[in-house]
Amino acid sequence: MKFKYLFGLFALLFLGLLIAAPVDARPSSANITHAVELIANPCTSPDIRTSSSSPALVTCESTADGLHAFISVPVPYIVDRAPNLSLVSIPTFHRLIWDSDSLGYIDTRPQIYAYPGGDPTDRLINMRLELRMKPGEISPATDELPIENVVLNAARFSIYSVGSNEIPDYVCGQEWNTLLSVPAKQGGFVRAGDNECRGIQSLLEDYPPSAPELGDPNRYVDWKPLVPSDVITFTPYASIRGTGTDRGSPAFQLSASTSFVMEARLVWDEHREKRTVEETVCDWSYWDDYDFIDWDRWPNPVFCRREVSVEWARFCRPFSGDCPYGNPDDWWQPVAEGTAVMLRRPDGTYAQTYDIVSVQSQPLLTPP
């Protein structure tokens, strides 16, 4: 029994050596050290390129070839509001989703990357720099409204998220705000069965609460729908001194700050190694230009040459999981984090602020 046990142990050890042999026996010319360095440090000089009228772009420079990859920061989109004209002491509802037009990325062009310099021994086939984004941490102030990784700031008026927070009575309470008690048939917003300001909210167009247009999930990782509920803005003050017109300089502005973490990876489809192959070729025509004479070949040609050729043999394919430095799914490295102030207004334009005009309502609408 003891011998049987030892034989089994020796067999197990021998099998382990056979399994480990492909890694230990990899060609000595395969230089994986530089590949590991590229994985650990995919890019340098991350930068946020902002504009007052378009989504922000985050870029990074490839450590391998100096080329730049880009990815855009998603923008909150105010797709609708109700009522169309904000009134003093009447809440305005806004519906936000992620703007699908703001989602996109550009990788560096695939190329063959050879190293080390001078006399390369290795090639990385279709190497490119890729970027992706994850939601960043937010730190809203007490007067700001956080939704996922977005912070909404409403300068000089109040802002609330409907459903996630309790709306104060002075915003939507009919017993305090008599204007909210005016029925719809008399020009107000209250409809049969409505509670508080739900009649205004019902005027919003029915955009989906979830957003399938969150972009490529492999590039926008863990991004959630922006709208767990609609947003209310509210002010008891007129923004243009009660002139009864929507022209003038708005005193109330809404801005959105989106936080993100950008990750990068240098990736390639195949790793090839340089192999030198020497072949002996013999022919009678080499009689005046040969490397050696092989008389053992007689009566066949005895004048011979040594011909050396170079071939680039496959060493491994990262996405197949057969590379000693791992799978590309684990190569993403965090390289930058930040915020971008940008939103898309209901008219489809991009801006850093959404100007809201609030006009005096009492001369226009009073309860009977």
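None of the figures in this text is laboratory data; all of them are computed from the coordinates on show. A quick note: this is a predicted structure, and the numbers were derived from the prediction, not measured. Counting neighbours? That spans all protein chains shown, and the Cβs are built from the backbone with ideal geometry, glycine included.
Quick look at the numbers
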item: Expected-Rg normalisation [2.2 N^0.38 Å, Cα atoms] applied to the stretch 43-99; result: 1.81
item: Pair Asp169, Asp107: separation of 7 Å Cα→Cβ label points (nm); result: 6.0
item: Linear extension gain, Arg345 paired with Leu204, 0.36 nm per residue minus alpha-carbon span; result: 49.3 nm
item: Distance (nanometres) between label positions extended 7 Å along Cα→Cβ at Glu144 and Glu278; result: 7.0
item: Extension gain from Asp329 to Asp222, taking 0.36 nm per residue of separation minus the Cα-Cα distance; result: 37.0 nm
item: GluC sites (Glu not before Pro) restricted to DSSP loop in the stretch 60-143 with at most 14 other C-beta within 10 Å; result: Glu137
item: Asn41-Arg305 FRET efficiency (beta carbon distance; Förster radius 56 Å; 0.05 resolution); result: 0.75
item: Added length on full extension, which subtracts the Cα-Cα distance from 0.36 nm per residue, Asp119 to Asp288; result: 57.6 nm
item: Fraction in percent of alpha-carbon pairs per bin - 10 Å, the stretch 94-170; result: 13, 27, 20, 14, 12, 10, 4, 1
item: Arg49/Asn126 FRET efficiency (R0 35 Å; Cβ-Cβ; nearest 0.05); result: 0.85
